[in-house]
Every structure is written in C-alpha cells, then in structure tokens.
Amino acid sequence: MAQTLKLSYYPYTLKLKHTFTVSSFSRNETPVVLTEIEYDGKVGYGEASLPQYLGETRESVMDFLSKIDFSQFEDPLDNEKILSYIDDIEDGNNAAKASVDIALHDLIGKLLKIPLFKYFGLTKPKNAYTSYTIGIDKKEIIKTKIDEAKDFKYLKIKLGTNNDKEIIETIRSVTNKPLYVDANQGWKDKQKALDMIKWLAEKNVILIEQPMPKENIDDIAWLNEKSPLPIIADESVKRLKDIDKVKDIYSGINIKLMKSTGLREALIMINKARDFGLKVMLGCMTETSCAVSAAAHLSSLADWIDLDGPLLISNDLFDGISYIKGEMKLNELSGIGLIKKN
Ligand code: MG
C-alpha cells in the first residue's frame with residue numbers, strides 16, 4: 001500500500017520572558033500553531049508564529065490548514081509540486097504556508113538522513129552570530145537586558161520612540177557592542193531620520209532597519225541615498241514579488257520565514273536580492289527553536305543574522321540550534337535537527 005502524508009496541527013502560546021515593546025505596540029505572549037507532517041514513520045515539525053500586527057490568527061491558520069488535501073501526493077520529496085499547491089489554495093496566509101513548508105523540509109531531511117543545509121547544497125553555517133534583541137523599555141530594565149545579553153556580540157535595539165537618543169546613551173553607558181537599530185517605521189520626518197542616523201553612525205551602529213513607514217517610498221529612497229548606514233527593508237518586503245518594489249530604495253532586505261511562506265521562497269528571495277546587489281539579513285518573529293533552527297540552515301547566505309526568537313521565550317517546545325557565546329551551532333541531526341521536549 002502506498003504511504004500517505006499526514007498533516008496534524010495544534011495551537012500553542014509562547015510566553016515572553018519580558019514584555020516586548022516596539023514603536024507601535026507591546027505584548028507578553030505570541031500565539032503560534034505547530035504543525036507535524038508524518039510519512040513512513042518519520043515526523044517533520046513546522047510552526048506558524050502569529051504576532052498580531054501581521055493579521056493572521058491561530059483560527060485563520062487552522063482554517064487554512066484544514067483545507068489541505070495531501071491525498072493527491074505520493075512522494076514527499078516532490079516539494080515543488082506540494083508547496084505550489086499549498087500556495088495556490090488561497091492568497092495571504094504566509095505564516096500558515098510557512099508552517100507546512102518548514103515541516104515538509106524537516107521531513108525530507110529526515111527521510112534522506114541529511115541536515116537541511118546539505119539538502120539545499122549549502123555549507124554548514126560557521127561564525128553565524130545572531131544579534132540579541134532589546135525591546136523598548138525603562139532605563140533600568142534595558143540595563144538588565146543588556147546584562148542578560150552579555151554573551152552576544154551584536155545587539156538589536158528597537159527605536160522609533162520620543163527618547164531614542166536616551167535609549168542609545170543608556171546602552172552606551174554599559175556596553176560598546178555593535179548595534180543593529182530597528183525603528184519599526186517609527187520615524188516620520190526624513191530630515192530628522194537622517195540626522196538621527198548620522199548621530200547613530202557615530203555610536204557604532206551597523207545598520208538601520210525600516211526607519212520610516214513603508215508607504216513613504218520617496219522619503220525612504222532619499223534617506224537611503226544620503227544615509228551613512230545601510231537601510232534595510234523589513235515591513236516593506238514579505239515575499240519574492242515585493243523585492244522589485246524595494247530594490248532601488250533600500251540597501252538590503254530582512255527575510256523571515258513567516259513572511260516568505262517558508263524556506264523554499266526564502267532561498268529564491270536571497271538569490272534575487274543578490275542579483276540586485278542587496279544585502280541580506282535573516283530574521284525571525286517570536287518563534288520556538290523549530291522555525292528559528294530551520295532559518296539557521298540558511299545562515300551561511302546572510303550578511304546579518306537576527307535569529308534570537310527562542311531566547312526571548314520561556315516555554316520552547318524544542319531543542320534545536322544552540323547559542324554558544326552568541327554563535328548559532330547546528331547539531332548533527334537530520335532535517336532541521338529538532339528534538340521535541342517531553
Ligand atoms: Mg524589524
């Protein structure tokens with residue numbers, strides 16, 4: 001009898017170690033849906049992380065997943081065909097699609113008994129140092145967070161507030177580490193944004209992520225032209241089709257599996273970004289070690305890595321990549337390299 005692919009899924013809630021605040025909102029937890037695809041006694045794990053601002057919910061993800069009919073596919077290695085089918089079910093649903101893409105790739109790696117980076121023809125990530133994110137907070141808490149991040153070489157700082165300089169000065173009173181700055185669209189005036197970037201460039205800041213609202217295309221192009229630091233698109237770019245819109249107005253793009261619909265399209269996006277001379281950052285949402293370890297398999301292709309999701313939560317369901325002094329280390333296991341806890 002032919003084997004069949006079996007999809008299952010369940011909701012889960014990630015608890016954040018600290019209230020996470022960026023320029024537009026705060027939160028203490030992140031809803032997720034975990035997926036599993038079973039075939040021939042092997043199970044691939046996937047995940048959809050659903051921060052509220054992206055519009056997907058556990059209900060919308062489970063509704064999308066309930067529409068999937070795997071009975072038409074006999075070979076899980078036929079991932080092009082399977083994932084094209086998934087993408088065509090309905091528009092949007094990027095995180096839901098990513099949860100299938102990730103689980104299918106994990107399964108394929110397990111069936112072939114190779115880690116995913118090898119399946120993609122990549123080298124094992126080396127010197128893959130992730131930044132550690134510090135959300136917007138009171139002075140004393142920022143100092144505590146920086147102390148918690150002492151193992152990490154790079155910090156990512158959320159700005160876009162009324163006291164951005166004060167936040168940076170607080171950080172600079174305790175550490176000189178290189179910083180990535182993410183304004184999350186929080187700066188509204190291009191001249192003020194440029195003045196701020198010039199000031200930040202003197203403070204060992206390496207890059208600026210999404211300084212202004214994604215709609216302000218002319219302002220962003222002006223800023224990117226004049227900025228002493230690379231300007232990276234995050235909210236402005238989700239999928240492959242968005243790269244054409246940002247290629248001339250940014251210096252790089254932040255690729256996240258939850259935006260790109262998973263590993264398959266993330267890889268195509270990286271290649272396309274390179275064709276346009278764009279820098280590549282690999283990022284994540286608040287995620288377990290499942291989705292973050294999956295992304296880590298692509299890290300040899302990135303200029304900058306911001307894959308700290310599992311470090312910011314207290315109830316990870318998986319062991320996957322480990323962080324040794326901020327360096328991400330993949331284990332020797334097949335697929336993503338996950339061990340489910342309990
Ligand atoms: Mg960002």
- Query: Can you pull out the residues in segment 287-321 that are assigned to a strand (DSSP E or B) and either in contact with a Ser or Thr (Cβ under 7 Å, 6 or more places away or on another chain) or closer than 21 Å to Gly44 by Cβ (or both)?
  - Reply: Ile305, Asp306, Ile313, Phe318, Asp319
- Residues of segment 115-130 being assigned to a loop (DSSP other than H, G, I, E, B) and open to solvent by 40 Å² or more (accessible area, probe 1.4 Å), in sequence order, are Phe120, Gly121, Thr123, Lys124, Lys126, Asn127
- Message: Take the residues in segment 234-244 that are in contact with a helix residue (DSSP H, G or I) (Cβ under 8 Å, 6 or more places away or on another chain) and farther than 17 Å from Ile208 by Cβ; name whichever of them is nearest to the ligand (Cβ to nearest atom).
- Response: Lys238
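Across segment 272-285, which residue is surrounded by the most Cβ atoms within 10 Å (Cβ to Cβ) among those that are over 17 Å from the mean Cα position of the chain (by Cα) and on the phi < 0 side of the Ramachandran plot? Talk me through it step by step, then tell me what you get.
If we filter segment 272-285 for residues that are over 17 Å from the mean Cα position of the chain (by Cα), which is where we start, we get 272, 274-278.
Now drop any that are not on the phi < 0 side of the Ramachandran plot, which leaves 272, 274-276, 278.
Working: Lys272: 15, Arg274: 12, Asp275: 10, Phe276: 14, Leu278: 24.
Step by step, filter segment 272-285, then rank; the result is Leu278.
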- Scan Met285, Met281, Met258 and give me the residue that is out of contact with any helix residue (DSSP H, G or I) (no Cβ under 8 Å at 6 or more places or on another chain) and either within 26 Å of Asn28 (Cα to Cα) or within 12 Å of the ligand (Cβ to nearest atom) (or both). Met281
- Message: Given the criteria at pLDDT below 95 and not in a loop (DSSP other than H, G, I, E, B), does Thr133 qualify?
- Response: yes
- Query: Of the numbered conditions (1) within 15 Å of the ligand (Cβ to nearest atom); (2) within 21 Å of Thr133 (Cβ to Cβ); (3) of a type in the set (A, V, I, L, M, F, W, C), Ile197 satisfies every one except a single condition; which is it?
  - Reply: (1)
- Message: Which numbered condition in (1) in contact (Cβ under 8 Å) with a residue 40 or more places away in the chain; (2) among the hydrophobic types (A, V, I, L, M, F, W, C); (3) more than 21 Å from Glu235 (Cα to Cα) is the only one that Ile167 fails?
- Response: (1)
- Answer residue from segment 8-42, given it is hydrophobic (A, V, I, L, M, F, W, C) and open to solvent by less than 40 Å² (accessible area, probe 1.4 Å) and is farthest from Gly283 (Cα to Cα) among those: Ile37
- Item | Index of the failed condition, Asp218 passing every other in (1) away from the ligand (no atom under 15 Å from the Cβ); (2) of a type outside the set (Ser, Thr, Tyr); (3) in a loop (DSSP other than H, G, I, E, B) | (3)
- Of Ile142, Ile167, the only residue that is surrounded by 19 or more Cβ atoms within 10 Å (Cβ to Cβ), over 22 Å from Pro230 (Cβ atoms) and either of a type in the set (Val, Ile, Thr) or within 16 Å of the ligand (Cβ to nearest atom) (or both) is Ile142
- Message: Taking the condition of being open to solvent by 40 Å² or more (accessible area, probe 1.4 Å) and free of Cβ contacts under 8 Å to residues at least 40 places away in the same chain, how many residues in segment 145-164 meet it?
- Response: 5
- Message: Contact list please: Cβ distance under 9 Å, first residue in segment 21-34 and at negative phi and in the same structural domain as Tyr53 (by TED's automatic domain parsing), second residue among the acidic types (Asp, Glu) and open to solvent by 40 Å² or more (accessible area, probe 1.4 Å), pairs at least six apart or on different chains.
- Response: Thr21/Asp137
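The values are calculated or read from the model by the stated rules, or taken from the named source; none is laboratory data. All values derive from a computational prediction rather than experimental measurement. No Cβ is skipped: glycine too gets one built from the backbone with ideal geometry, and neighbour counts run over all protein chains shown. Heads up: the accessible areas ignore ligands, DNA and RNA and are worked out on the full protein's heavy atoms, side chains in. Shrake-Rupley method; radii C 1.70, N 1.55, O 1.52, S 1.80 Å.
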